[in-house]
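What follows is one structure encoded as structure tokens, with my remarks underneath.
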Amino acid sequence: MPDLRLIASDIDGTLADDQGELAPETIVTLRALLRRGMSVVLVTGLNPWPVRRYLAHISGGDSFPELRAIALNGIFLLEGEELHEGCFTPLDVIRDTIPVLLEEGHVPLVFGADGVTRYVPVPAGMATVEALIASRPYQPFVPVADVAELLATPAALVSMTGSAEAAARVAERLQAVLGERAYIAHQPGLRRSWVEVNHREARKDVALLALAARLGFTPEEILYFGDSLNDLPVFEKVPHVVAVENAVLKSKPAPGAWPLRITLPGSRASCRSCLG
């Protein structure tokens, strides 16, 4: 058994259930790990608004300095009350992305540095977006008339949400248009699927390993839980990982990896199942 010092996990489909909720036993286990001095890091494509809610559920009003979160695949780091900004998607990449989304009939969602998600309403894509807005009454969404208003505030990234088939098609087209200018995170989801266009270095693996290094941890001291395509870069860099049963990723073990590449039953990986 390796000496694990940092527990890191994706949220949607991994820690959280189909409704986006954390099971009571998961919260109890994470709190127990934190009280033992273990570092716990949530690593997610979600933006800081829902991430703050997950952090609050885990902490339960207590102070846990070792509880952190990487949001939007590495664009933001949440530590206590502080929100640290990373690499925003270049403006020219966002400008080249928006026409593709509009042509495909999808609503461009731009998350701004002010925490507001602005969007141009596209009738064909509004049903999914309206469901998203309804599910997050705590997050500000603002409809705008055109691209100029969409980019009136510095933008962290641009994304779309829709069906699994639509997201796969958009991801493939954006990859052809943008090439290596951006990191395109394609996330097939249980409730909705996403395509997020990030800065090339705004990736879960880059953000997690940078944070671990700052905290004095090596990759061999990390245990990572994941289930989706945007977790794959972490699976390729961290030796000790756990995939849940619904995982859509495929990965080969890193050289010299301790063989903890296991599948847990159900729709999420409870740390309790592995760590007791």
TODO: Report the residue count in segment 200-218 for those that are touching a helix residue (DSSP H, G or I) at 6+ places or on another chain (Cβ under 8 Å) and of a type outside the set (S, T, N, Q).
DONE: 11
- [ ] Read through the list (1) over 22 Å from the mean Cα position of the chain (by Cα); (2) farther than 19 Å from ARG200 by Cβ; (3) surrounded by fewer than 18 Cβ atoms within 10 Å (Cβ to Cβ), then give the number of the only condition that ASP92 fails.
- [x] (2)
TODO: Would you point out the residue of segment 209-238, among those that are acidic (Asp, Glu) and assigned to a helix (DSSP H, G or I), that is nearest to ASP3 (Cα to Cα)?
DONE: GLU221
- [ ] Pull up segment 61-91, narrow it to residues that are in contact with a helix residue (DSSP H, G or I) (Cβ under 8 Å, 6 or more places away or on another chain) and part of a helix (DSSP H, G or I), then point me to the one that is farthest from PRO121 (Cα to Cα).
- [x] GLY74
- [ ] Kindly provide the set of residues from segment 167-182 that are touching a residue at least 40 places away in the same chain (Cβ under 8 Å) and assigned to a helix (DSSP H, G or I), ordered by number.
- [x] ARG169, VAL170, ARG173, LEU174, VAL177, LEU178, ARG181
TODO: Answer yes or no as to whether VAL129 is within 22 Å of the chain's Cα centre (by Cα) and either in a strand (DSSP E or B) or in the same structural domain as PRO50 (by TED's automatic domain parsing) (or both).
DONE: no
- [ ] Filter segment 153-166 for residues that are touching a residue at least 60 places away in the same chain (Cβ under 8 Å) and crowded, with 16+ Cβ neighbours inside 10 Å and give the result.
- [x] ALA155, ALA156, LEU157, VAL158, ALA166
Task: From LEU150, LEU209, residue being in the same structural domain as TRP49 (by TED's automatic domain parsing) and either touching a strand residue (DSSP E or B) at 6+ places or on another chain (Cβ under 6 Å) or crowded, with 19+ Cβ neighbours inside 10 Å (or both) - done: LEU209
Open item on the list: I'm told GLU180 meets every condition in (1) closer than 14 Å to THR89 by Cβ; (2) crowded, with 16+ Cβ neighbours inside 10 Å except one. Can you identify the failing condition by its number?
Closed with: (2)
Open item on the list: Among the residues of segment 211-221, are any modelled with pLDDT of 95 or more and within 13 Å of VAL43 (Cβ to Cβ)?
Closed with: yes
Task: Members of segment 96-122 that are assigned to a loop (DSSP other than H, G, I, E, B) and either within 17 Å of ALA156 (Cα to Cα) or aromatic (Phe, Trp, Tyr) (or both) - done: VAL107, PRO108, ALA113, ASP114, GLY115, VAL116, VAL120
TODO: Return a yes/no flag: does segment 59-75 have any residue that is surrounded by 14 or more Cβ atoms within 10 Å (Cβ to Cβ), among the β-branched types (Val, Ile, Thr) and without any contact (Cβ under 8 Å) to a residue 40 or more places away in the chain.
DONE: no
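The values are calculated or read from the model by the stated rules, or taken from the named source; none is laboratory data. Only a predicted model underlies this, so the values are computations on that prediction, with no experimental measurement involved. Using ideal geometry, Cβ is built from the backbone for each residue, glycine included, and neighbour counts are taken over all protein chains shown.
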